[in-house]
1. Looking at this structure, is residue 298 in contact (Cβ under 8 Å) with a residue 40 or more places away in the chain and either under 30 Å from residue 119 (Cα atoms) or outside any loop (DSSP other than H, G, I, E, B) (or both)?
2. Report yes if residue 252 is over 19 Å from residue 119 (Cβ atoms) and not assigned by TED's automatic domain parsing to the domain that holds residue 146, otherwise no.
3. Which of the residues belonging to the stretch 231-248 are charged (D, E, K, R) and buried (at least 24 other Cβ atoms within 10 Å of the Cβ)?
4. Given the conditions (1) over 22 Å from residue 477 (Cβ atoms); (2) assigned to a loop (DSSP other than H, G, I, E, B); (3) not aliphatic (A, V, I, L, M), and given that residue 313 satisfies all but one, which numbered condition is not satisfied?
5. Return the residues of the stretch 465-502 that are over 16 Å from the mean Cα position of the chain (by Cα), small (Gly, Ala, Ser) and either more than 17 Å from residue 36 (Cα to Cα) or outside any loop (DSSP other than H, G, I, E, B) (or both); say none if nothing qualifies.
6. At least 2 residues that are at pLDDT 95 or above and over 30 Å from residue 242 (Cβ atoms) in each: list the helices (runs of 4 or more DSSP H) lying fully within the stretch 102-210 that qualify.
7. Taking the stretch 38-68, which residues are under 24 Å from residue 523 (Cβ atoms) and not in a helix (DSSP H, G or I)?
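The values are calculated or read from the model by the stated rules, or taken from the named source; none is laboratory data. Every value quoted in this text rests on a predicted model; they were computed, and no experiment measured them. Neighbour counts are summed over all protein chains in view; Cβ atoms, including those assigned to glycine, are modelled from backbone coordinates with ideal geometry.
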Amino acid sequence: MASLTASRLRIGQRYRAHRLQGPYDALIIGSGLGGLSCASLLSEIGWKVAVFEQHYTAGGYTHSYERAGYEWDVGLHYVGDMGASTLARRCMDHITGGRLQWQAMDSAYDHFFIGAERYTAIAGKDAYRHYLYEHFPQERRAIDRYFRLLDKIGKAMGVYTLTRLLKPGQLRWLLPPLLRLLPDGFRRSTREVLAELTDNSTLIAVLTAQWGDLGLPPSQSAFVMHALIARHYMYGGYYPVGGSWRIAESILPGIRAAGGEVFTYASVERILVEKGRACGLLMADGQRIEAPHIISTAGVSNTFERLLPAAASAPYRQRLQAVTPSCGHIGLYIGLQATAAELQLPRSNMWVYPSTDYEGDLARFQADPQAPWPVVYISFPSAKDPAYLQRHPGTATIEIVAPAPFAWFEAWNGSSWGQRGDDYEAFKARLRDSLLEVLFERLPQLRGRLDYVEVSTPLSSQHFNAYSRGELYGIDHDPRRFAQDWLSARTDLPGLWLSGQDILSCGVVGAMMSGVLTAQALAGRQLWPVLRRILRPQRGMTAS
């Protein structure tokens, strides 16, 4: 069964030079959702697109993997906006050809353990608002102002997205007046904005308890990013039926229908630049592939520091100083020989914090790995996925994610995956045992029940996802990041385009919408009929 499952989870065709069927209209580096959604839309208008993925399977952080008879999703743990005919749901349905279903999690979809207290995120704006009223009765005015701020940011996102589409000449004239239309939450930290609403530190901690979804605590994150995540999950969390690998699997037929392909084990050595224009790719095997349009979803640091010749990337070297890589993380992938129902695992998530002092707890942990974990996220994918037991009967899975600075792993940087030595394995084991104690404290019935535990570190992300410092969210989503007009689908180099979480925002929907943005910037009016179909609301649509 293991070999059959592994084959099913490996999406795409293994790269070989003789399998190329050019000429191609566009070449895309990276098969995360930014690359796949862009490829899907371009394919729909007849473009022949080749996507190159250095990993053994397509999907980026939406891929799944199987080991020891279990299956885990490495980056997708839940998605919002999938329960009705939202723009995100319509876009997802469109690029997957309607082949993907979504399962709602429990209405209490996130549980926050903050010190000795427990709070909950409830699906539905009114339900969550009244939950907050009940727990913070003296803060009703602050809570109402908070919800109004979320709406204000949401309405302004169209303006911000428009700035990501403008050509350089248009940017010069239109950017200043457009920026004046944006609320100041685009330029300020989350804690700074919320501190003007209330001085209740516990309320602020509850409102920002999903900060792990963007990788920065409130004093460091841009309020716009906090607002996007809060609005995204306002009506609850959803999970793809069959696992996150089904997203890439569902997108692939549309790309192939236009003659394109998603190639795996396809390592790109260099973006070719000739006569001042990006014109193709040089593969690690020496193969040269040419096309008029090159789209990089590999992240701005990889693109401008590693993939481009120095002369071509020179204008971006200074710009890169204004952004920083996001945090690394450690992941635990747990398998159990019993079902989620038998183990009483919830269809919700747990967030565990030692106190309301998120920034202080994080700083102490970064300085000392022995300090308490500043945040621990616990997910139960086999409980969320109604089809899991069809693939792996009699079993259950748990995933744990926590921050882990790349600096802790510098000593092993450059070593080979699976061959990092006993000291590395011992360090991982200590971190593993510490995280398992957090799990057992919340779910004591699991002690002694674990059958399999695998640990990933920032070096694992570096190996499988090609991020140089194992970053989980590309570049940090701090206020400075949202002031960078060059983080756009367009670049200064003709023929080169960008997509992925660095040009819009992190997360499944952020990456997907970046692909839409890039396809629109690249194809222009050709894509308008397709976009009109996506923008048209569909009545009566609900998640499974």
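1. no
2. Numbers: over 19 Å from residue 119 (Cβ atoms): yes; not assigned by TED's automatic domain parsing to the domain that holds residue 146: yes.
So residue 252 passes the test.
3. Of all residues in the stretch 231-248, those charged (D, E, K, R) come to 231, 246.
Of everything in the stretch 231-248, nothing turns out to be charged (D, E, K, R) and buried (at least 24 other Cβ atoms within 10 Å of the Cβ).
4. (2)
5. 468, 483, 488, 495
6. Values: elements: 125-135, 140-163, 168-180, 190-195, 201-207.
Here the list reads 125-135, 140-163, 190-195, 201-207.
7. Within the stretch 38-68, 45, 46, 47, 48, 49, 50, 51, 52, 53, 58, 59 qualify.
Residue-wise test of (1) surrounded by fewer than 17 Cβ atoms within 10 Å (Cβ to Cβ); (2) β-branched (Val, Ile, Thr); (3) within 24 Å of residue 336 (Cβ to Cβ).
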position: 384; (1), (2), (3): no, no, yes
position: 411; (1), (2), (3): yes, no, no
position: 416; (1), (2), (3): yes, no, no
position: 427; (1), (2), (3): no, no, no
position: 451; (1), (2), (3): yes, no, yes
